[in-house]
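*Asks:* Below is the structure I would like to discuss, written out as C-alpha cells.
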Amino acid sequence: MIAPVLSVRNLVTEFDTRAGTVTAVDGVSLDVGPGEVLGIVGESGSGKTITGFSILGLIDKPGRIAGGEVLLNGQDLRTLPEAAMQKLRGDRIAMIFQDPMMTLNPVLRIDTQMVETIRAHRDVSPARARDMAAEALGLVGIPSPVERLRTYPHEMSGGMRQRVVIAIALMLEPDLIIADEPTTALDVTIQSQILSEMQRLLAARKTALIWITHDLTVVAGLAHRVAVMYAGRIVETGPVDDLLDRPAHPYTQGLISSIPSSVPRGERLVPIKGMTPSLISLPRGCAFAPRCPRASETCHNARPEAEDISEARSLRCFHPLEMAQ
Amino acid sequence: MIAYLIRRFGQALLVMAVMATIVFFGLYAVGNPVDLLINPEADLAEQEETIRRLGLDKPIHIQFGYFLAGLTQGDLGTSFVHNRPALELILSRLPATLELAFMGILIAVILGIPLGMIAGLKPDAPYSRFIMAGSVVGFSTPNFWQGLMLIMLFAVFLGWLPAGGRGETVDVLGIPVSFLTWDGLSHLILPAVNVAIYKMSLVIRLTRAGTAEIVHQDYVKYARARGLSPRRVVGVHVLKNILIPVVTVLGLETGNVIAFAVVTETVFAWPGIGKLLIDSIGLLDRPVVVAYLMLTVFLFVMINLVVDIAYSALDPRVRVKRGKA
Amino acid sequence: MSIAADTPLRRFAVDFLRSPTAVIAGLGLLAIALAAIFAGVIAPQNPYDLAQIDIFDGSLEPGSEGFNGFKYWLGSDEQGRDMLSAMIYGLRISLMVSFIAVSSAVAIGMVLGLLAAWRGGTVESIIMRAVDIQLSFPALLVALLLLAALGKGVDKVIIALILVQWAYFARTVRAAALVEIRKDYVTAARAAALPPSRILFGHVLPNVMPPVLVIATVQVANAISIEASLSFLGVGVPITQPSLGLLIANGFDYLLSGRYWISFYPGVALLVTLVCINVVADHVRDILNPRLQR
C-alpha cells in the first residue's frame, strides 16, 4: 500500500462549556492516500466539521485538541509549533468552506485575497502572484480571469464564488484539500458542474481530498472511500461501493434508506427515528443505541470499539447487519 | 442622489430658520445687551449714539427685518461687542476649534482602535477587562470636570503643561496652527486629550463589539486556514471590516466634538468658536450667537454628507446599491 | 440550565444577579438615590441655611475642624459651607432635574411614537422627520442655544432637556410598536373593534417597554451630564440651587491656587453616579439583547 498523505490516529477534540466538557471528536482515525477522495458523512453536530478544523489545528477556545496524532506525510502536526502550522495551512493543506458568500472577505477584492495567500507561502513579486492567481481562476473555468480579479465577492454569483475558493485551494498545489460541504449552498446544476470539475483537477495532480458532507448521494458519486460519523465517532468506514451496497452499521443503513432514490418508486422512505443526541448528555453506551432497532442491553451499557471486519472496512457495532450479498 | 441632497439641504434650512428665529427673539427677551456693553460713565448722548449704531433703538420686529434683509446679502450681522462682522469673527476662530477637534479625534482613533481590538480579541484576559472598565469610566466622566482634573494634575501639581490658552501659532496656507511649534503643541496637548478621552471610550466600545463579532465570521477562519499571519488576519481582514462602523460613527461624532468643544474650550481658555459662543451668550451678543448657530447647522449638514460618502467608499456593498439606485 | 425560569421578570433578576459588577453598581445607585431623597436627614449641615454656615470656616481642607468643632470631612468652600452637605444637596438637584426631564421625555416620546406607528402616513412622516432632525444635532449644543434664549432656571433646564431627549424615545417606541402592531393579536383586537387607545396602551405598550427602559436609563445619565455641563457653562441652574455641575464650576477659580477639593469631590460624586448608571444600563441591555443570549 502507498503511504497515506494524511493519517489521523485517535484524534480527540473537546470543548469546555458551562455545562461541562463536551467531546466533539472522540477517537477519530482515518487515512487518505494521494489522489484519493475520502467522504466523511454525518448529520450536523456529528463532529465532521470539527474533525476538519482539528486536522488544520484551527480549534479556538474554549475548544482544544485533547489527544491523538495527525500525521501529514509521516510528520505529526500536533508537535509542530504554531509558526510551522501557519506555513502549512493553505500551502500543504487547503480548506474549502461551506458558504462562499461568508468565506471570502466582503470588503477585499478577489485579487487581494488571492495574492495575499500566494505571498504568505511563496516568495514572489506581487505582479507574479497576480499572474498565478489569474491562471488559477482560468483553471477552474472562470471566464476572463484577469478582469474577475478586480471584483468584490458580492459582485459574483454563488457558483462563481465557490470556483474562486476552489481556485485558491488548488493554487499552491497542496497535498491535501479538506472540503467542508462545499456545494451545499449551490443549485443542483452548479453543484454537479463543480463536482466534475474537482474530480478532473484532483485526478491530474494526485491531491488527496477529504469531502465532508451530510449528503450521501454526493459521496456516492465522488469518493473512493467513506467514513460515517455519529456523535463524534466514526462508526463505519469502507470503500464507497461496498459500504453503500452492504452497510454493516444500522446507522449507515438508516442513512441509506432515508435517501429518496434508494427505495423503489411508490414505496415509503424509512426515516431514522428520534433525534441527533446532544453531545452534552450522551448515553453511557453506544451513542446510537436509543435510536437503533437492533440495540440490546449491551449496547446501552458499553461502547463498541472499532474492529476491522474485512481488509478495507472497519466498524463500531455489537450487532452489525448481515453483510450478505 | 440629487433628490437626497436637496432634501438634506431643505431640512437644514428649516432647522436654521426655526432655531435662528427662536434664538433671535429669545436673546432679546432675556436681556438688553446695552446694559452690559455701554460704559456707564459715558454721557447720555454717547450712550444713545451707541444704541443707534447697534440698531437697538428699533422695535424687535424691525430689527428682525433688518436681520433678514442682511441675510439675503450674506450678511449675518455685526458683533455688538467686537464691532466686526459676526461671520468674519467666527471664521477667524474656527481654525482653533477644528485643530482641537481633529487632534482629539486623531488621538481617540490611534489609541482607541488598537485597544478595542485587543479587548475584542481576548475578551476574558485581565487587561481586556481593564480596558473595558477604563472605557466605562472615560464614557461616564463629565467632560468639564475631567478637564479641570487634567489641569490640576498636569498644570498645577506637576507643572508640566500650561493650564490654558493656545500658545504660539504658525501660519500654514494662511491658517494659524498650534501643533507645529513646541509652545503651541504643549498648549494643545491637554485640551486635545480632554476631547479625546470620551471619543476614545466610544471607539473602544465600538471596536470591541465589532471585533468580537467579526472574529467569529467564516472569512476570518478562512483567512487563517489559508495560512495568513495573525498580523495580516487582524490588521487587514478584521480591521477593514471594523472600520466601516467606526468611521461612520466617528464621522457623525465630529459634529458632537465641535459641540462639546464648547466645554473644553471654556475650561482651557482655548480661543475657538465654542469659547466665543459662551462669551457671546454671556454678553448677549446676539449677532454672534445667531451666526454661530447658522454656521454649525451648515457644518453639520456637510459633515453628514461627507460621512455618507466615506461610508460608501469603505463598504463596496453599499457602493453597488447606490450605483443602481 | 436547570434554573426554573418561570416569569420573564424572574429570569431577568437571575441574569442580573449573575454579574457582581452590575449588582455593586445597582446597590451604589440605590444608595445614591436614597442619599438624594433624604438629603435633609443625611447631610451634616443645611448648606443653604445661613444660620448654620460660618464664614470663618471658609476654604478649610478636608478633615479639618471648624471653630465650633464641626468636622469638615471633605473641606469647605470659600463661604464656609460644608462640601459634603453641599454635594448631597447638589446630587438631589442633579437627580431631580434629570429624572423629571427623562420621565417627561419618555411620556412625550411614547405618545408620539405610538401615534406614528398607529396612524402611519403623513402623521408618521412629520413626527419621524422631526425626530431625524432633532437627533442629527448634538443635544448639548441644542440645549445650550435654547437656554441662551430661555435664560437660567431649573424649570428651563428641564424644558431644554425634554426637548433634546423626546426624539430618542419616539424613535424607539415607533420601531418596537410597528413590530407589535403587525402581530396577530393586534389584528384580532382591531377586528374585535377595540378602541385604539385600549389596544395601544393595554397591549402594545407593555411590549415596547424593555427597550424604552434601557434607553431611559442611559438618558438619565446623559441628562445628568448635560445638566452639569450647562450649569458649568453658566446657562444652567441658578446659583441659589446649585447642582453638582455648578459646585464644580464654583471651585474652578480656586483650583489654580491648589484648593482642589471644592471641584474635586463633587466631580467624583458625579462620576460615580454616572458610572453606576452606565454599568447597570449596559448590563440590562446585554440581558435584553436576544443576539447575545446563549
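The values are calculated or read from the model by the stated rules, or taken from the named source; none is laboratory data. Here the structure is a predicted model, which is why all the values come from computation and not from measurement. For neighbour counting, all protein chains shown are included, and Cβ atoms are generated from backbone atoms with ideal geometry for every residue, glycine included.
*Asks:* Just for the range A:79-100: of the residues that are at the interface with another protein chain (Cβ under 7 Å from one of its Cβ atoms) and not hydrophobic (A, V, I, L, M, F, W, C), which one is farthest from B:R224 (Cα to Cα)?
*Replies:* Within the range A:79-100, the match that is farthest from B:R224 (Cα to Cα) is A:D99.
*Asks:* Name the residues in the range B:225-239 that are farther than 16 Å from A:M114 by Cβ and within 7 Å of chain A (Cβ to nearest Cβ), would you?
*Replies:* B:S229 - this is the single residue of the range B:225-239 that is farther than 16 Å from A:M114 by Cβ and within 7 Å of chain A (Cβ to nearest Cβ).
*Asks:* Quickly run through the range C:277-291 and pick out the residues that are at the interface with another protein chain (Cβ under 10 Å from one of its Cβ atoms) and modelled with pLDDT under 85.
*Replies:* Filtering the range C:277-291 for residues at the interface with another protein chain (Cβ under 10 Å from one of its Cβ atoms) gives C:277-279, C:282, C:291.
C:D282, C:R291 - these are the residues of the range C:277-291 that are at the interface with another protein chain (Cβ under 10 Å from one of its Cβ atoms) and modelled with pLDDT under 85.
*Asks:* Just wondering, is there one or more residues in the range A:203-217 that are within 14 Å of chain B (Cβ to nearest Cβ), touching a residue at least 40 places away in the same chain (Cβ under 8 Å), among the charged types (D, E, K, R) and on the phi > 0 side of the Ramachandran plot?
*Replies:* Of all residues in the range A:203-217, those within 14 Å of chain B (Cβ to nearest Cβ) come to A:210, A:212.
Of the ones still in play, those that are also touching a residue at least 40 places away in the same chain (Cβ under 8 Å) are A:210, A:212.
Still in the list and also among the charged types (D, E, K, R): none.
For the range A:203-217, residues within 14 Å of chain B (Cβ to nearest Cβ), touching a residue at least 40 places away in the same chain (Cβ under 8 Å), among the charged types (D, E, K, R) and on the phi > 0 side of the Ramachandran plot: absent.
*Asks:* Quick one: would you say C:A216 is farther than 20 Å from B:V267 by Cα and small (G, A, S)? Steps first, answer last, please.
*Replies:* Values: farther than 20 Å from B:V267 by Cα: yes; small (G, A, S): yes.
Spelling it out, C:A216 is indeed farther than 20 Å from B:V267 by Cα and small (G, A, S).
*Asks:* All but one of (1) out of contact with any Leu (no Cβ under 8 Å at 6 or more places or on another chain); (2) more than 14 Å from A:I168 (Cα to Cα); (3) facing chain B (nearest Cβ under 9 Å); (4) not β-branched (V, I, T) hold for A:N105; state the number of the condition that does not hold.
*Replies:* (2)
*Asks:* Let me ask something else. Filter the helices (runs of 4 or more DSSP H) completely within the range A:144-259 down to those with at least 2 residues that are farther than 30 Å from A:M275 by Cα. I'd like the intermediate steps shown before the answer.
*Replies:* On the way: elements: A:145-148, A:158-171, A:188-205, A:216-222, A:240-245, A:250-257.
Hits in the range A:144-259: A:145-148, A:158-171, A:188-205.
*Asks:* From the list B:G227, B:G235, pick out the single residue that is modelled with pLDDT of 85 or more and at positive phi. Lay out the reasoning, then the answer.
*Replies:* Values: B:G235 fails: at positive phi.
It is B:G227.
*Asks:* Report the residue count in the range B:176-186 for those that are in contact with a Ser or Thr (Cβ under 9 Å, 6 or more places away or on another chain) and touching a residue at least 40 places away in the same chain (Cβ under 8 Å).
*Replies:* Qualifying residue count, the range B:176-186: 3.
*Asks:* Among the candidates B:L54, B:L100, B:L111, single out the residue that is within 23 Å of B:I278 (Cβ to Cβ), hydrophobic (A, V, I, L, M, F, W, C) and either outside the structural domain of B:L185 (by TED's automatic domain parsing) or out of contact with any Asp or Glu (no Cβ under 9 Å at 6 or more places or on another chain) (or both).
*Replies:* Details: B:L100 fails: either outside the structural domain of B:L185 (by TED's automatic domain parsing) or out of contact with any Asp or Glu (no Cβ under 9 Å at 6 or more places or on another chain) (or both); B:L111 fails: within 23 Å of B:I278 (Cβ to Cβ).
Exactly one of B:L54, B:L100, B:L111 is within 23 Å of B:I278 (Cβ to Cβ), hydrophobic (A, V, I, L, M, F, W, C) and either outside the structural domain of B:L185 (by TED's automatic domain parsing) or out of contact with any Asp or Glu (no Cβ under 9 Å at 6 or more places or on another chain) (or both), namely B:L54.
*Asks:* Next question. Taking the criterion of being under 27 Å from B:V236 (Cβ atoms), within 14 Å of chain C (Cβ to nearest Cβ) and part of a loop (DSSP other than H, G, I, E, B), would at least one residue in the range B:109-123 satisfy it?
*Replies:* yes
*Asks:* Kindly indicate whether any position in the range C:120-138 is closer than 24 Å to C:L213 by Cα and among the polar types (S, T, N, Q).
*Replies:* yes
*Asks:* Okay, next question. Just checking, does the range C:268-276 include any residue being in a loop (DSSP other than H, G, I, E, B), buried (at least 22 other Cβ atoms within 10 Å of the Cβ) and at the interface with another protein chain (Cβ under 10 Å from one of its Cβ atoms)? Steps first, please.
*Replies:* First, the residues of the range C:268-276 that are in a loop (DSSP other than H, G, I, E, B): none.
No, the conditions are met nowhere in the range C:268-276.
*Asks:* Under 6 Å between Cβ atoms, which residue pairs at least 6 apart in sequence (or on different chains) link something in the range C:139-160 that is assigned to a helix (DSSP H, G or I) with a partner that is at pLDDT below 85 and of a type outside the set (A, V, I, L, M)?
*Replies:* If the second residue must be at pLDDT below 85 and of a type outside the set (A, V, I, L, M), the pairs left are C:A149/B:G26; C:V154/C:Q241; C:V157/C:G236.
*Asks:* Checking the condition outside the structural domain of B:L27 (by TED's automatic domain parsing), closer than 19 Å to B:T21 by Cβ and in a helix (DSSP H, G or I), which residue from B:L68, B:L87 passes? Before the answer, list the steps.
*Replies:* Working: B:L68 fails: outside the structural domain of B:L27 (by TED's automatic domain parsing).
Just a single option satisfies the conditions, and that option is B:L87.
*Asks:* Of the conditions (1) at pLDDT below 80; (2) within 13 Å of the chain's Cα centre (by Cα), B:T248 fails just one. Which one is it?
*Replies:* Condition (2) is where B:T248 drops out.
*Asks:* Go through the range B:139-166 and give me each residue that's more than 10 Å from every other protein chain (Cβ to nearest Cβ), in contact (Cβ under 8 Å) with a residue 60 or more places away in the chain and of a type outside the set (K, R).
*Replies:* Initially, the range B:139-166 is screened for residues more than 10 Å from every other protein chain (Cβ to nearest Cβ), giving B:150, B:154, B:158-162, B:165-166.
Restricting the remaining residues to those that are in contact (Cβ under 8 Å) with a residue 60 or more places away in the chain gives B:165-166.
Within the range B:139-166, just B:G165 meets the criteria.
To keep it simple, each residue is scored yes or no on (1) modelled with pLDDT of 90 or more; (2) surrounded by fewer than 19 Cβ atoms within 10 Å (Cβ to Cβ); (3) over 23 Å from the mean Cα position of the chain (by Cα); (4) not aliphatic (A, V, I, L, M).
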| position | (1), (2), (3), (4) |
| --- | --- |
| A:S144 | no, yes, yes, yes |
| A:R150 | yes, yes, yes, yes |
| A:H154 | no, yes, yes, yes |
| A:G158 | no, yes, no, yes |
| A:R161 | no, no, no, yes |
| A:V164 | yes, no, no, no |
| A:I168 | yes, no, no, no |
| A:L176 | yes, no, no, no |
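*Asks:* Could you look through the range B:274-302, keep only residues that are within 11 Å of chain C (Cβ to nearest Cβ) and closer than 13 Å to B:L98 by Cβ, and pick out the one that is surrounded by the fewest Cβ atoms within 10 Å (Cβ to Cβ)?
*Replies:* B:L299
*Asks:* Any residue that is within 30 Å of C:P238 (Cα to Cα) and assigned to a helix (DSSP H, G or I) - is there at least one of those in the range C:183-204?
*Replies:* In the first step, residues of the range C:183-204 are kept if they are within 30 Å of C:P238 (Cα to Cα); the result is none.
Checked against the condition, which is being within 30 Å of C:P238 (Cα to Cα) and assigned to a helix (DSSP H, G or I), the range C:183-204 yields no hits at all.
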